[in-house]
Amino acid sequence: MRATRGSENVFVDCGFPPAEAENLRIRAKMMMALTGYIEEKKITQSRAARSTGVSQPRISDLVRGEIGLFTIDTLVNMVTAAGLKVDVGITAGRPRAKNKRVA
């Protein structure tokens with residue numbers, strides 16, 4: 001079996017377009033932080049729902065990893081309500097290929 005080195009973003013490796021892959025990476029990171037918070041505090045889904053301002057079924061979606069059901073905005077609100085801090089880092093990426101114009 002031959003192994004191939006992946007990128008820093010598993011979603012790129014799965015074939016998602018770069019912008020969508022970055023969006024998914026950010027959402028996954030926030031979802032993991034919230035799930036970790038719930039596990040670390042040893043709180044129920046109901047209590048987690050109250051502390052994040054959402055319903056218990058939304059927390060169930062979160063812990064099941066239903067990434068498609070959450071937007072970045074919703075997750076930022078939940079993380080902040082839980083008393084966690086969201087920080088954004090932006091670095092230079094790979095140079096984009098220049099588009100060729102067809103006359």
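The values are calculated or read from the model by the stated rules, or taken from the named source; none is laboratory data. Bear in mind the structure is a predicted one, so any value in this text is a computation, not a measurement. Cβ: placed from backbone, ideal geometry, glycine included. Neighbour counts: every protein chain shown.
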Test Phe11 against the stated conditions and say whether it is aromatic (Phe, Trp, Tyr) and touching a residue at least 12 places away in the same chain (Cβ under 8 Å).
yes
Just to be sure I understand the filter: pairs with C-beta atoms under 8 Å, separated by 6 or more residues or on different chains, first member in the stretch 41-69 and at positive phi, second member of a type outside the set (Phe, Trp, Tyr) and modelled with pLDDT of 95 or more. Which pairs pass?
Gly53/Asn77; Gly53/Met78; Gly53/Ala81; Gly65/Met31
Any residue that is more than 11 Å from the chain's Cα centre (by Cα) and within 22 Å of Lys85 (Cα to Cα) - is there at least one of those in the stretch 25-35?
yes
If we take the stretch 22-100, then helices (runs of 4 or more DSSP H) inside it with 2 or more residues that are closer than 30 Å to Ser7 by Cβ are 56-63, 72-81
Hits in the stretch 1-21 (condition: among the charged types (D, E, K, R) and part of a loop (DSSP other than H, G, I, E, B)):
Arg2, Arg5, Glu8
